[in-house]
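Some notes on the structure that comes next.
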Amino acid sequence: MRLVNIGFGNMVSAGRLVALVTPESAPVKRIIQEARDRGSLIDATCGRRTRTVLVMDSDHVVLSAVAPETVCARFDNNTTEVSNDD
């Protein structure tokens, strides 16, 4: 499993990502609010301004304070390989 750092030591699975978007548009704000209402919002901003919204295939929505370009570059370069020793 490949994990990607989304800021402040928080990581997400690279294989589970569906979309990486900015939070300014009304549809994205609606996605965030709906995730908050159903309890599937994960706030990884550590109290800072949300700069990236990550939509996962499990219907979870993850908020990050790192710029979308930075997160995208980390997906390409700085992934961490974790073995599944079940």
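Details
- Radius, Kirkwood style, for the chain when every pair of distinct Cα atoms is counted (Å): 13.1 Å
- Among V21, V62, V71, residue whose mean-square fluctuation peaks in a GNM of the chain (springs only between Cα atoms under 10 Å): V21
- With a Förster radius of 30 Å applied to the C-beta separation of A73 and K29, the computed FRET efficiency comes to 0.75.
- Amide hydrogen neighbours beyond the local backbone of N10, cut-off 5 Å, H modeled: none
- Karplus-based coupling profile of region 44-57, in residue order and whole Hz: 10, 8, 6, x, 8, 5, 6, 10, 9, 10, 10, 9, 9, 6, with θ = phi - 60° in 6.51 cos²θ - 1.76 cosθ + 1.60 and x standing for Gly or Pro.
Since every read-out is calculated from the coordinates, none of them should be taken as a lab result. Please read all numbers here as calculations on a predicted model, not as lab measurements. We place every Cβ from the backbone using ideal geometry, glycine too, and count neighbours over all the protein chains shown.
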